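First comes the structure, then the notes that go with it.
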Amino acid sequence: MQYREYGKLGYKVSAFGMGCMRLPSSVDEKGNKTIHREEAIKMIRYAADHGVNYFDSALMYFDGDCDKLLGEALAGGYREKVKVVSKIPPGKVNSEEEFFRILDGMLEKLQTDHLDVLLAHNLGKESFAQLKKINMVSMMEKAKAQGKIKAIACSFHDDFETYKEVIDYYPWDMSQIQMNILDVDNQATIEGMKYAASKGMAIVIMEPLRGGGLANPPEPIQEIYRSYPDKRSPVEWALRFMYNFPEVSCILSGVSTMEQLQDNIRIFENAQPNSMSEDELKMIDTVRETYKKLIKVPCTGCSYCVPCPKGVNIPSVFELYNDGAMYGGYETIKERYQRRIDSGNSADHCVQCGACEKKCPQHIHIIENLQKAHEAIVSAGK
């Protein structure tokens, strides 16, 4: 395992951080997730035993059960060997009393007296305004003075201009951003990442595989990879692209199986910055442009948009919509979508209430794209 400096905090973290949002779980028809506890605990301990010292959770993951699971997994001596990171969204906080009630509850679930890093979760225009309105940073500073957190950070999902405002607002210890082969000019952007790093902030990357979508590319992308002289899996190319940036301290990769975890650990054994050649970077540019022509909806499957009041399984609908576009047409996935219709969670049950769009960190026009997805799939073959 390779280790990198964590901003200006004076310690190193594993280049691979275990993101706990995608732990092994079951999903019901409405999109609700339940963690497979035994397997998840086994994976977390395996990661720690093999050099991973950075674990990322959040209040919102698995409706708060992620913190509890991570606390169980790190009991028995593991906690002292690793950095534990979690997050609180400003939208969940209306007062200092409420902030500390939430934080203390998280610490209890995590079975620890402190978080190594606490993030203001999912900052964008609206949530950043809320953070400033309630002066959440002052609450985080108070928690730090009390020893309940060791570092103050933020995660971000919006555009470059908003990101620069966030970065200039406070001397964050760390900034967590979405970045991958496809998103170099989206959200925080490469320019924003370099700007934050220039201020001494640790940079942590989330969604390096874009919700796992980059792990199983369509045939046109696979052909580009196959034609390149150096043979690597799509996952390795995607992670290699991100660890090539010297500004990056840690890359969060959400793993759902032991096999995925072991593969990630293997890949990060040689995660050196500035290791990609010009030819490799040009090949990645070709991959990016090809993807842009194929993807219908930039959904990462984070499931922030569910449960839907009417039961629409939004991530599943968009997965099918993208699959049809990338893997041979909508006739091939029509039967899978029919099961959504039969279960009452297909896109045609959307009543356009807009609750999902307020929660989406990708700022997807969900209502419009649900309609497009439904029409494309049900009309296939007619």
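Each value in this text was obtained by applying a stated rule to the coordinates, not by laboratory testing. Bear in mind that the values here come from a model prediction, so they are computed numbers and not experimental data. Note that we place each Cβ from the backbone using ideal geometry, even for glycine, and neighbour counts take in every protein chain shown.
Treating the beta-carbon of each Lys and Arg as +1 and of each Asp and Glu as -1, no other charges, what is the dipole magnitude of the range 3-293 about its Cα centre, to the nearest 20 debye?
440 debye
Have a look at the DSSP beta bridges in the chain and tell me what percent are antiparallel, nearest 5.
15 percent
Report summary: the helix-based calculation at 222 nm, which adds -39500 (n - 2.57) for every DSSP H run with n ≥ 4 and divides by the residues of the chain, gives -13000 deg cm²/dmol.
So, counting K/R as plus one and D/E as minus one, what does the shell of residues with Cβ under 13 Å around Cys350 add up to?
-1
Between Thr290 and Lys310, the modelled labels are 3.8 nm apart [label points 7 Å from Cα along Cα→Cβ].
Placing a label point 7 Å from the Cα of Lys334 along the Cα-to-Cβ direction, the residues of the range 347-382 whose backbone N falls under 11 Å of that point are 377-382.
The 3J(HN,Hα) values that the Karplus relation (6.51, -1.76, 1.60; θ = phi - 60°) gives for the range 41-54 are, in residue order, 5, 4, 5, 4, 5, 4, 4, 4, 5, 10, x, 6, 10, 9 Hz. Gly and Pro appear as x. In this structure, the amide hydrogen of His36, modeled 1.01 Å from its nitrogen in the peptide plane, lies closer than 5 angstrom to those of Ser25, Ser26, counting only residues at least 5 positions away or on a different chain. With R₀ fixed at 30 Å, the C-beta to C-beta distance from Asn32 to Met258 puts the FRET efficiency at about 0.80.
For the pair the range 232-286 / the range 302-342, the C-alpha centres are spaced 29 Å from each other.
Close amide H pairs (under 5 Å, H built 1.01 Å from N) link Asn122 with Ser155, Phe156, residues at least 5 positions away or on another chain. Cα gyration tensor of the range 1-110, axes a ≥ b ≥ c as square roots of the eigenvalues: rounded (a/c below 1.5), prolate (a/b > b/c) or oblate? Oblate.
A straight Cα-to-Cα reach below 16 Å connects Lys296 with the lysines Lys372, residues fewer than 8 places away in its own chain not being considered. Near the amide H of Leu9, within less than 5 Å, lie no amide hydrogens of residues on another chain or at least 5 residues away, with H placed in the peptide plane.
In the range 314-378 the Cα-Cα distances spread across 10 Å bins starting at 0 as 22, 55, 23, 1 percent of all pairs.
Report the full-extension gain for the segment Glu96 to Lys81: residue separation times 0.36 nm, less the Cα-Cα distance, to one decimal in nm.
Extra length available between Glu96 and Lys81 comes to 2.3 nm.
Other residues lying with their Cβ under 12 Å from the Cβ of Lys164 contribute a combined charge of -4, Lys and Arg counting +1, Asp and Glu -1. Averaging Cα coordinates gives a centre for the range 1-56 and one for the range 69-106; these two points are 15 Å apart.
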